[in-house]
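Some notes on the structure that comes next.
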Amino acid sequence: MFIVTAEQMRAVDEHTIHKLGIPAASLMENAGRAIAEEVIRLCRECWKEGVGRSSEQQGRWNDGNGKRAHTGPGDRQGYGGDIIADPALVMEQPGDQQWYMLIGKGNNGGDGLVAARHLVEAGLGVTLVYADAPESLRGEAAVQRDAAAQLGIPALVHGREAVDFSRCTGIVDALLGTGSRGAPRGAYAALIAAANESGKPIVSADVPSGLDADTGEVYEPCIQARVTVCLALLKRGLVQYPGASAAGRIVVRSIGIPARLASEHGPSVRLLTEEVLRSALRVDTGRLRAPDGHKGTYGHVLLAAGSLPMSGAGLLSAKAALRAGCGLATWALPAALLPHVIGTVPELMLAAAADGDSGEWNAASADAVLRLAESRDVLATGPGLGRFKGDTDWLRRLWQHTDRPLVIDADALNMLADAGPHGPSDWGKRSAATILTPHPGEMGRLLGMSTPEVQRDRIGHAARYAREQGVTLVLKGARTVIATPSGEAYINTTGHAGMATGGAGDVLTGIIAGLLAQGLSAEQAASFGVFLHGQAAERAALLRGDPASLLAGDIMDAL
Ligand SMILES: NC(=O)C1=CN([C@@H]2O[C@H](COP(=O)(O)OP(=O)(O)OC[C@H]3O[C@@H](n4cnc5c(N)ncnc54)[C@H](O)[C@@H]3O)[C@@H](O)[C@H]2O)[C@@H](O)CC1
Ligand SMILES: [K+]
């Protein structure tokens, strides 16, 4: 599933209308119809839950599968085939429903007006609530305004008549869509605040009004939707927090715009699903293990990690690499740690780096790491590494002198942040892939900005950095972003807040390194690794019963 910016959506709309010749009116009709169908779906669900229903009314609506939506002879036996009323728009007690349709003056409002027509057709009570004078609507939206007026659909205008939300069952928010700029103003702000205040279920057209469709930033006020009917293509703001929290359930409805046009009109950003892993990323898990393979077949990971106060980080990473399926893993660590970790993971090989009995890394150890890397397939570094004198130079040497794929995490990212104003691209282009796995704080240090600034546009920052620095970048956090040097990005959907626990990132580093060792490309290993990491956490939370009690080791054990 493609994820687009408002600008990309506008270009795709234009292409569909002007190059393919599909009329704008058709697109709006499809959009409004889809919104109406989702309103009816929600009504049916609310009925099942008993929300807003008196007890004698419960259990009397249509069940939504069309079976009880028959009309005429089809209800009787013996006359041949059934005759079924439009099943997506049928309800048994539609008259109980009073929906307020909040209508803005742009095309989002036009979608709401089309939806109003279809809801009236389905027998629901509908009242239009215009934010601006209806006369201010233009183009297709004005056509829909006139059709609604011809049909006698009741209408109120904010500022002219009082709007009492206590009288409605639910609200359709068609105030602002992808044409919205900045915080809602005037009547828009007032209607959004009152709609939220009412506590009635809200169905948003395309995006919740008050949400930045590109960044997921939530302005004050912003609709808190129960359902968002996203039209044609998923918008970036809906998959990024805090926007994702304002959107409720997101239903993407196709309206006649070919989805593949998205990648012709801007960067390709997709939701990371099993289907995308298989098709776009061509990850074939069935081929990872050959029946006649041996431990040499599946690659050897070298992990340079851990220091006295954070030895567990190295242990978690190295073990996760093995759990992800690499044939062998060597953990290079400061020599003083060796006696304490011997035997903790018997499957691991250990390589001691001279540390003057300090338990810490030092600049001179770069040579030892480079030598070890010569006979391994992947080098990963960062977890529990700590900072030490000359560390940025230490990392620069690894960057420049190993031809193995390199995974950089944690403190190694902080070393990278000190590389200079232009970032590590100043160190030259690496011959093998480089994967960076920052959390938002580390990303902020790499970019020279604050964590909230990073969070305000996660996809944008990640994609830009990956392209400019020629790296594959994994920006961790809810809805992890994987961005590639060629400008593509994937947004992960697996995992949960229980993963916010020390060591979870170390496990991810190990998984990605373990997958690289098995021959996956950087793009495949980063995406598949993030996806698996989240899935393992989901499974671990099920086993434990509560995500909050999850330890990083549980994620690894659930792989
Ligand atoms: N071909 C198309 O362009 C299609 C567009 N569609 C719908 O059209 C929407 C985009 O329509 P528009 O580009 O007309 O834009 P919008 O309908 O999102 O709203 C733009 C209007 O709102 C006003 N506005 C902008 N920011 C505001 C703020 N912060 N406070 C108060 N008023 C503000 C502007 O004056 C502008 O007139 C989509 O989200 C979608 O719902 C669909 O109908 C499908 C086809
Ligand atoms: K909206």
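When we screen Leu119, Leu128 for residues that are under 34 Å from the mean Cα position of the chain (by Cα), away from ligand 1 (no atom under 14 Å from the Cβ) and not in a strand (DSSP E or B), the only hit is Leu119.
Residue-by-condition table, conditions (1) at pLDDT 95 or above; (2) exposed (fewer than 15 other Cβ atoms within 10 Å of the Cβ); (3) touching a Ser or Thr at 6+ places or on another chain (Cβ under 7 Å):
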{"position": "Ile83", "(1), (2), (3)": "no, yes, yes"}
{"position": "Ala88", "(1), (2), (3)": "no, no, no"}
{"position": "Trp99", "(1), (2), (3)": "yes, no, yes"}
{"position": "Gly112", "(1), (2), (3)": "yes, no, no"}
{"position": "Leu128", "(1), (2), (3)": "yes, no, no"}
{"position": "Glu135", "(1), (2), (3)": "yes, yes, no"}
{"position": "Gln144", "(1), (2), (3)": "yes, no, no"}
{"position": "Ala148", "(1), (2), (3)": "yes, no, no"}
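Taking the stretch 288-335 as the range and being hydrophobic (A, V, I, L, M, F, W, C), surrounded by fewer than 19 Cβ atoms within 10 Å (Cβ to Cβ) and under 17 Å from Gly529 (Cβ atoms) as the test, only Leu288 passes. Among residues of the stretch 176-188 that are at negative phi and of a type in the set (A, V, I, L, M, F, W, C), those with a Cβ under 7 angstrom from a residue that is near ligand 1 (Cβ under 6 Å from one of its atoms) and in a helix (DSSP H, G or I), sequence gap 6+ or separate chain, pair up as Leu176/Asn108; Leu176/Tyr188.
Could you list, in sequence order, the residues of the stretch 227-275 that are of a type in the set (S, T, N, Q), surrounded by fewer than 23 Cβ atoms within 10 Å (Cβ to Cβ) and within 25 Å of Gln455 (Cβ to Cβ)? Those that are of a type in the set (S, T, N, Q), surrounded by fewer than 23 Cβ atoms within 10 Å (Cβ to Cβ) and within 25 Å of Gln455 (Cβ to Cβ): Ser245, Ser268, Thr273. Only a single criterion out of (1) at negative phi; (2) in contact (Cβ under 8 Å) with a residue 40 or more places away in the chain is not satisfied by Glu161, namely (2).
Count of the stretch 91-110 residues, restricted to those that are over 30 Å from Pro184 (Cα atoms), in contact (Cβ under 8 Å) with a residue 40 or more places away in the chain and not in a helix (DSSP H, G or I), is 1.
Counting the residues of the stretch 432-470 that are of a type outside the set (Gly, Ala, Ser) and farther than 14 Å from Ala410 by Cβ gives 18. Restricting Ala373, Ala366, Ala321, Ala332 to those that are hydrophobic (A, V, I, L, M, F, W, C), part of a strand (DSSP E or B) and under 25 Å from Leu416 (Cβ atoms) reduces the list to Ala332.
The requirement of being part of a loop (DSSP other than H, G, I, E, B), within 24 Å of Ala225 (Cα to Cα) and of a type in the set (A, V, I, L, M, F, W, C) is satisfied by Leu176. Residues in the stretch 250-270 that are away from ligand 1 (no atom under 14 Å from the Cβ), of a type in the set (D, E, K, R) and in contact with a helix residue (DSSP H, G or I) (Cβ under 9 Å, 6 or more places away or on another chain): Glu264, Arg270.
Residues of the stretch 451-464 that are assigned to a helix (DSSP H, G or I) and surrounded by fewer than 21 Cβ atoms within 10 Å (Cβ to Cβ): Thr451, Pro452, Glu453, Arg456, Gly460, Arg464.
The values are calculated or read from the model by the stated rules, or taken from the named source; none is laboratory data. Nothing here was measured: the structure is a model prediction, and the numbers come from that model. Here Cβ is always computed from backbone atoms with ideal geometry, including for glycine, and neighbour counts include all displayed protein chains.
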